[in-house]
Amino acid sequence: MKKGQIYDGVVTHVSFPNKCQVEVEGEEKKAMVKNALQGQKVRFRLSKVRKGKCEGNLLEVLEPAHNELRGDQIPCVHFGACGGCTYQHLAYEDQLTLKEQQIRELLEPVIGVGAQSFDPVFEGIMASPRQFAYRNKMEFSFGDTCKDGDLALGMHKRGSFYDIVTVSGCQIVDEDFRKILTATLEYFSGKQIPYFHKNTHAGYLRHLLVRKAARTGEILVDLVTTTQMGDPGAVYREESGEPDLAATAFYQTQARIHGDIIHEEQLLQGFVQALTELSLDGKLTGILHTHNDSVADVVKDEGTDILYGQSYFYEELLGLRFRISPFSFFQTNSLGAEVLYDVARQYVGDLHGEHDGAVVYDLYSGTGTIAQILAPIAKKVIGVEIVEEAVEAARENAALNELSNCEFLAGDVLKVLDDIEEKPDFIVLDPPRDGIHPKALDKIIDSYRCESILYISCKPTSLARDILTFMNAGYKVKKIQCVDMFPNTVHVETVCLLSLK
């Protein structure tokens, strides 16, 4: 098999996260491609041959899998073009079966190293209460559908860094998200406002952040732009990265012709009017405007103004109320989060019984959601989180819920642990996607030797790596439960209870 050549083959296996093994007739080596299903016959172009491993880019599906949905059976009209969802052409039961199989393949060999049997501890996968319209947050990007095309607002096209698909029919959010997206696109298209180009670093529109609470129905909208309405800035040559003076002069002239430099305030007032006139099922509590002049294609807060209402909204989980700001971390599936946290609470058990008067560490605590859910059954919960905004939100939410036994500390887990006087009886770990830093993991194990540790993971490969470290330190896996927080995508949450032998 040679790089650059096109091959046809059959997908024989799919491992996490959507790594598809393709067998080509007459070839000894197997290729790895993405965005396919087991049983499909596919055509792909070989892009990499390295150390005996072959990787390819999917070109087309020649024959569908036996369990694959087709045509009108697929719920979303954008599936295939949009890069957001991967498994919408599978029935939900098949999605759950696939994810459960992938978790088993990752964790069973690891747990087997400690001579444990996997089946007694593995409790399978729990479905999301909603398969569709489950997301409470979306970050839409401005761009164009093709080079020099019309303004688009939505998600990146599958396999593209530049092209945007306007996802006005997206099914993982509800109708209010779609109405806000459509109204925003129509308004700025009508005003001929340019989007921020990644190569030239020129343009105004960057992202549209929409958040809606599942329980309260409150909605927060944040328009993210550059500051180039006041100063269009410089245009850079794509090849060399040097300033292009002629292009800069032309862009600034066009901006003045359209009145962009003078009338930003008026432009934003019109945007607010366009949204407040919408007929929505939920309640629009705030419309914000965030500046971001960074080169990176990320939603970054370099100053936020309130255009309408307030800068936060409220969500409710398991009887508790949480105040959420535009950039606060909060699980994107509110109803799924209730399932996840209920599992966590069950795994921790009745701390008044087994761990009477327990001190609980919630490490990587985010906005303190887990800490507050555990607080009623603990003597004290101490949360540690490196993002200061999240820590401040956690403190506010604990006060809102009248929880006096929660303490939240800002800083790196590795450093903050040295400053905490109370020793934990139980530790909850909910780290970022890449898992726990090895030094922090060693410190958690060596310093405390807690009898029980609860690990909540959003990336099972990181969990598999860290479980092995725990097992080598004398822990065994007591229970594992998967929760499908992200239907139609490759992602899955896993809750793992570890106990000291």
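A few comments on the model shown:
Here's the yes/no breakdown for (1) out of contact with any Cys (no Cβ under 7 Å at 6 or more places or on another chain); (2) aliphatic (A, V, I, L, M); (3) farther than 25 Å from Asp418 by Cα; (4) part of a strand (DSSP E or B):
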residue	(1), (2), (3), (4)
Lys476	yes, no, yes, yes
Ile480	no, yes, yes, yes
Pro487	yes, no, yes, no
Cys496	yes, no, yes, yes
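- Restricting attention to the range 300-330, the residues that are among the hydroxyl-bearing types (Ser, Thr, Tyr) and under 12 Å from Thr216 (Cα atoms) total 1.
- Residue check for Tyr308: closer than 25 Å to Asp174 by Cβ, without any contact (Cβ under 8 Å) to a residue 40 or more places away in the chain and outside any helix (DSSP H, G or I): yes
- In the range 440-452, the residues that are under 12 Å from Val428 (Cα atoms) never reach a residue that is aromatic (Phe, Trp, Tyr) and at pLDDT below 90 with C-beta atoms less than 6 angstrom apart, at least six apart or across chains.
Conditions (1) part of a loop (DSSP other than H, G, I, E, B); (2) within 30 Å of Leu497 (Cβ to Cβ); (3) hydrophobic (A, V, I, L, M, F, W, C), marked per residue:
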site	(1), (2), (3)
Gly56	no, no, no
His66	yes, no, no
Val77	yes, no, yes
Tyr87	yes, yes, no
Leu96	no, yes, yes
Gly112	no, yes, no
Gln116	yes, yes, no
Gly124	no, yes, no
Ala133	yes, no, yes
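- Of the residues making up the range 24-78, those that are in contact with a His (Cβ under 7 Å, 6 or more places away or on another chain) and on the phi < 0 side of the Ramachandran plot are Gln38, Glu68, Leu69, Ile74.
- Of the residues making up the range 1-34, those that are outside any strand (DSSP E or B), out of contact with any helix residue (DSSP H, G or I) (no Cβ under 6 Å at 6 or more places or on another chain) and not polar (S, T, N, Q) number 11.
- A Cβ distance below 9 Å, combined with a sequence gap of six or more or placement on separate chains, defines the contacts here; from the range 384-405, residues that are touching a residue at least 40 places away in the same chain (Cβ under 8 Å) reach residues that are in a helix (DSSP H, G or I) in the pairs Asn397/Thr369; Asn397/Gln372; Asn401/Gln372; Asn401/Ala375.
- The set of residues in the range 463-474 being more than 13 Å from Thr494 (Cβ to Cβ), assigned to a helix (DSSP H, G or I) and aliphatic (A, V, I, L, M) consists of Leu468, Met471.
- Consider the range 35-50 and keep the residues that are out of contact with any Asp or Glu (no Cβ under 9 Å at 6 or more places or on another chain) and in a strand (DSSP E or B). The one that is modelled with the lowest pLDDT is Arg50.
- Restricting the range 411-443 to residues that are acidic (Asp, Glu) and buried (at least 17 other Cβ atoms within 10 Å of the Cβ), the residue that is nearest to Thr469 (Cα to Cα): Asp430
- Residue list for the range 158-190, filter: surrounded by 18 or more Cβ atoms within 10 Å (Cβ to Cβ) and either under 13 Å from Phe142 (Cβ atoms) or modelled with pLDDT under 95 (or both): Arg158, Asp163, Ile164, Val165, Thr166, Val167, Leu181, Thr184, Leu185, Phe188
- Residues being surrounded by 15 or more Cβ atoms within 10 Å (Cβ to Cβ), touching a Phe, Trp or Tyr at 6+ places or on another chain (Cβ under 8 Å) and not in a strand (DSSP E or B) - total across the range 136-157: 1
- In the range 445-462, of all residues being assigned to a helix (DSSP H, G or I) and over 17 Å from Pro432 (Cα atoms), the one that is nearest to the chain's Cα centre (by Cα) corresponds to Ile445.
- Verdict on Ser365 being free of Cβ contacts under 8 Å to residues at least 24 places away in the same chain and either of a type outside the set (Asp, Glu) or in a loop (DSSP other than H, G, I, E, B) (or both): no
- Verdict on Ala337 being buried (at least 20 other Cβ atoms within 10 Å of the Cβ) and either at pLDDT below 90 or within 21 Å of Ser499 (Cα to Cα) (or both): no
- Matching residues in the range 11-67 - criterion: being small (Gly, Ala, Ser) and either surrounded by fewer than 17 Cβ atoms within 10 Å (Cβ to Cβ) or under 13 Å from Met1 (Cα atoms) (or both): Ser15, Gly26, Ala31, Gly39, Ser47, Gly52, Gly56
- Any hit, the range 73-87, residues being without any contact (Cβ under 8 Å) to a residue 60 or more places away in the chain, buried (at least 16 other Cβ atoms within 10 Å of the Cβ) and closer than 25 Å to Arg211 by Cβ: yes
- Residue that is in contact with a helix residue (DSSP H, G or I) (Cβ under 8 Å, 6 or more places away or on another chain), of a type in the set (Val, Ile, Thr) and crowded, with 23+ Cβ neighbours inside 10 Å, where the choices are Ile370, Ile324, Ile377: Ile370
- Qualifying residue in the range 400-423 (condition: modelled with pLDDT of 90 or more, more than 26 Å from Thr494 (Cα to Cα), assigned to a loop (DSSP other than H, G, I, E, B) and among the hydroxyl-bearing types (Ser, Thr, Tyr)): yes
The values are calculated or read from the model by the stated rules, or taken from the named source; none is laboratory data. Source: prediction; values computed, not measured. Here the Cβ is made from the backbone with ideal geometry for all residues, glycine too, and neighbour counts use every protein chain on show.
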